[in-house]
1. So for each of 39-45, 53-59 I average, over its residues, the number of other beta carbons within 10 Å; can you give me the resulting order with the highest mean first?
2. With axes computed from alpha carbons, what is the tilt in degrees of helix 49-69 against the longest principal axis of the chain, rounded to the nearest 10 within 0 to 90?
3. Using only DSSP helix segments of four residues or longer, with each worth -39500 (n - 2.57), what per-residue ellipticity at 222 nm results for the chain after dividing by its residue count and rounding to 500?
4. Can you check what the Kirkwood hydrodynamic radius comes to for the chain, Cα pairs only, in Å to one decimal?
5. Take residue 31, project a point 7 Å from its Cα along the Cβ direction, then tell me which residues of segment 48-71 have their backbone nitrogen under 11 Å from it.
6. Within segment 13-45, which residues have the backbone N less than 14 Å from the label spot 7 Å out from residue 58 along Cα→beta-carbon, could you tell me?
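Taken together, the values in this text are just the output of simple stated rules run on the coordinates, not laboratory data. These figures come from a predicted structure and were not determined experimentally. All Cβ positions, even for glycine, are placed from backbone atoms using ideal geometry, and neighbour counts span all protein chains on display.
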Amino acid sequence: MNAPQSLDGWQAVSAIDICASQLRMAQGRVVGLDLNAWMLACESTGLDKATAIDLFPAVEAGLMSTFEQNE
């Protein structure tokens, strides 16, 4: 149902798995995903840089939403 429908989608999912624990922290709280880690993870999966940059805000928002739900 929510499975990626393209090679780019699968590469992005792989990048999320690789760098999901690479977080930006401030005052003991998660404030976002580390962009450098995201870009390196995307590079390692073969996802092109333009697509990685386009996807970053949505990936970061999704991870932040998950953290907020679990607080």
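1. Values: 39-45: 18.1, 53-59: 14.6.
Highest-to-lowest ranking by the protection proxy: 39-45, 53-59.
2. Orientation of helix 49-69: about 40 degrees from the principal axis.
3. Values: 3 runs with 45 residues, N = 71.
Helix contribution divided over all residues of the chain: -20500 deg cm²/dmol.
4. Hydrodynamic radius (Kirkwood, Cα only) of the chain equals 12.5 Å.
5. Nothing falls inside the zone, counting backbone N under 11 Å.
6. Inside the label zone: 13-14, 16.
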